[in-house]
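Participant: One structure coming up, written as structure tokens, with questions to follow.
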Amino acid sequence: MQLYNNLSAKERAELIEKAGKERLTISFYTYAKIVNTQIFRNHLFLAWDEFEVLGRIYVAREGINAQLSVPAENFERFKNHLDSITFLENVRINIAIEHDNFAFLKLKVKVREKIVADGLNDTTFDVTDIGVHVNASRFNELIEDPNTVLVDMRNHYESEIGHFKNAVTPDVDTFRESLDIIEEDLKAHKEDKNLVMYCTGGIRCEKASAYYKHKGFKNVFQLDGGIINYVRQVESNELENKFIGKNFVFDERRSERISDDVIANCHQCGEPADLHTNCANEACHLLFIQCDTCKEKMENCCSTTCMEISRLPFEEQKARRKGQGNSNDIFKKGRADHLPFKKDLRNIFESFTK
Ligand SMILES: [Zn+2]
Ligand SMILES: [Zn+2]
């Protein structure tokens with residue numbers, strides 16, 4: 001019995017192309033006690049592989065976090081399978097705004113310590129005492145309230161290309177870092193302000209809202225289902241869209257356009273641009289924003305050094321990398337001194353606290 005997917009990404013891409021099937025890009029998560037994570041993981045892999053599911057799924061003793069794509073024609077079978085698992089019955093499924101048959105190229109189901117790397121010690125606070133979930137229309141009302149502080153719980157490279165109007169967007173590399181910064185900056189307002197937070201699909205806010213309540217914040221609200229679900233509701237209920245720019249996503253698509261505003265700049269020339277790319281030098285792979293002109297001029301690289309390396313024959317590049325460890329990470333933090341136009345998002349927060 002095959003428990004792992006042995007096809008290479010390239011073979012997968014070719015398969016999908018040949019099949020020509022419409023795939024749906026979806027995500028969901030839930031916190032639930034999973035005792036035997038390995039058995040559960042194997043069960044999911046076997047079932048979902050049969051439905052031709054591709055994606056990245058994390059299983060932990062605290063729950064499941066899944067981002068995947070499934071052929072449209074198998075979606076019903078997939079959904080029925082989800083509903084057959086007690087804690088996944090009727091789980092909210094976030095369906096992407098823009099589908100791309102190549103969003104995921106493999107099925108990876110991994111057992112992890114946690115479903116989100118939040119850096120928190122969950123035994124120190126009540127993780128079930130979460131903030132109030134609000135839907136898109138209530139969220140729109142709340143964020144117009146002068147008594148509200150709206151906080152983006154995502155990292156700098158996510159909020160840089162898109163965020164809610166008037167949101168505080170901490171200039172952080174990790175979720176853990178933003179928790180402390182926000183608490184410090186808002187400590188005088190724990191009781192008198194509404195702390196309203198959002199993230200991509202809602203999962204980070206589940207922990208963050210519980211953490212802030214534990215820290216003494218009285219009025220904590222979180223956008224139910226995150227930006228993805230917000231945009232769906234805005235469309236189907238004809239609400240006013242208060243999100244500007246693009247929603248960063250963690251798959252091959254990189255982002256979904258929500259409004260026509262381009263709020264970021266090319267990190268190399270400063271011209272308006274909001275498309276992330278990874279440096280073409282395999283040993284660098286820095287995630288940064290690059291406009292089309294710079295892309296051509298720099299041959300998809302972040303620096304002239306990387307450009308020179310990427311021109312070398314593959315074998316020589318490989319030899320150079322030897323012993324340098326694996327720095328190849330597509331979501332590397334996107335900060336480098338040689339990128340002059342990388343914005344300092346912290347300014348947005350400072351203007352708020354003034
Ligand atoms: Zn440029
Ligand atoms: Zn580079």
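Participant: Tell me yes or no: at least one residue of the stretch 58-71 is surrounded by fewer than 20 Cβ atoms within 10 Å (Cβ to Cβ) and among the acidic types (Asp, Glu).
Facilitator: For the stretch 58-71, residues surrounded by fewer than 20 Cβ atoms within 10 Å (Cβ to Cβ) and among the acidic types (Asp, Glu): absent.
Participant: Among the residues of the stretch 255-264, write down those that are surrounded by fewer than 19 Cβ atoms within 10 Å (Cβ to Cβ) and either part of a loop (DSSP other than H, G, I, E, B) or near ligand 1 (Cβ under 10 Å from one of its atoms) (or both).
Facilitator: 259, 260, 261, 262, 263
Participant: If you don't mind, there's one more thing I want to ask. When the stretch 117-135 is examined, which residues are found to be in a loop (DSSP other than H, G, I, E, B) and over 16 Å from residue 59 (Cα atoms)?
Facilitator: So in the stretch 117-135, the residues in a loop (DSSP other than H, G, I, E, B) come out as 117-121, 125-131, 135.
The answer is 119, 120, 121, 125, 126, 127, 128, 129, 130, 131, 135.
Participant: Is it the case, given these coordinates, that residue 114 is under 24 Å from residue 38 (Cβ atoms) and part of a strand (DSSP E or B)?
Facilitator: Working: under 24 Å from residue 38 (Cβ atoms): yes; part of a strand (DSSP E or B): no.
Criteria not met by residue 114.
Participant: In addition: Given the conditions (1) more than 23 Å from residue 54 (Cβ to Cβ); (2) more than 21 Å from the chain's Cα centre (by Cα); (3) crowded, with 18+ Cβ neighbours inside 10 Å, report the number of the one that residue 152 does not fulfil.
Facilitator: If we test residue 152 against (1) more than 23 Å from residue 54 (Cβ to Cβ); (2) more than 21 Å from the chain's Cα centre (by Cα); (3) crowded, with 18+ Cβ neighbours inside 10 Å, just (2) comes out false.
Participant: What is the number of the single condition among (1) within 22 Å of the chain's Cα centre (by Cα); (2) not in a helix (DSSP H, G or I) that residue 157 does not meet?
Facilitator: Here residue 157 clears every test but (2).
Participant: Still on this structure: Tell me which of these residue 299 doesn't satisfy, since it passes every other one: (1) acidic (Asp, Glu); (2) in a loop (DSSP other than H, G, I, E, B); (3) away from ligand 2 (no atom under 16 Å from the Cβ).
Facilitator: That leaves (3) as the condition not met.
Participant: Now a separate question. Which condition from (1) outside any loop (DSSP other than H, G, I, E, B); (2) crowded, with 21+ Cβ neighbours inside 10 Å; (3) of a type outside the set (Phe, Trp, Tyr); (4) within 12 Å of ligand 1 (Cβ to nearest atom) is the one that residue 206 breaks?
Facilitator: (4)
Participant: Can you name every residue in the stretch 147-187 that is more than 19 Å from residue 265 (Cβ to Cβ) and polar (S, T, N, Q)?
Facilitator: Residues satisfying the conditions are 147, 148, 166, 174, 178.
Participant: Could you give every pair whose Cβ atoms fall below 8 Å, whose first residue belongs to the stretch 78-100 and is closer than 14 Å to residue 43 by Cβ, and whose second residue is exposed (fewer than 13 other Cβ atoms within 10 Å of the Cβ), counting only separations of at least 6 or pairs across chains?
Facilitator: 82/89
Participant: Kindly provide the set of residues from the stretch 236-246 that are on the phi < 0 side of the Ramachandran plot and modelled with pLDDT of 90 or more, ordered by number.
Facilitator: Keep residues of the stretch 236-246 that are on the phi < 0 side of the Ramachandran plot, which gives 236-237, 239-244, 246.
Those that are on the phi < 0 side of the Ramachandran plot and modelled with pLDDT of 90 or more: 237, 239, 240, 241, 242, 243, 244, 246.
Participant: If I filter the stretch 99-117 for residues that are at pLDDT below 90, surrounded by fewer than 16 Cβ atoms within 10 Å (Cβ to Cβ) and among the hydrophobic types (A, V, I, L, M, F, W, C), do I get at least one hit?
Facilitator: yes
Participant: Now a separate question. Picking from 287, 312, which residue would you name as being within 16 Å of ligand 2 (Cβ to nearest atom) and more than 28 Å from residue 150 (Cα to Cα)?
Facilitator: Numbers: 287 fails: more than 28 Å from residue 150 (Cα to Cα).
Matching residue, one of 287, 312: 312.
Participant: For the stretch 270-294, name all the residues that are in a loop (DSSP other than H, G, I, E, B), within 8 Å of ligand 1 (Cβ to nearest atom) and farther than 30 Å from residue 315 by Cβ. First the steps, then the outcome.
Facilitator: Let us first name the residues in the stretch 270-294 that are in a loop (DSSP other than H, G, I, E, B), namely 270-271, 273-275, 279-286, 290-291.
Narrowing the set further to residues that are within 8 Å of ligand 1 (Cβ to nearest atom) leaves 270-271, 273, 290-291.
Residues satisfying the conditions are 270, 271, 273, 291.
The values are calculated or read from the model by the stated rules, or taken from the named source; none is laboratory data. Nothing here was measured: the structure is a model prediction, and the numbers come from that model. Here Cβ is always computed from backbone atoms with ideal geometry, including for glycine, and neighbour counts include all displayed protein chains.
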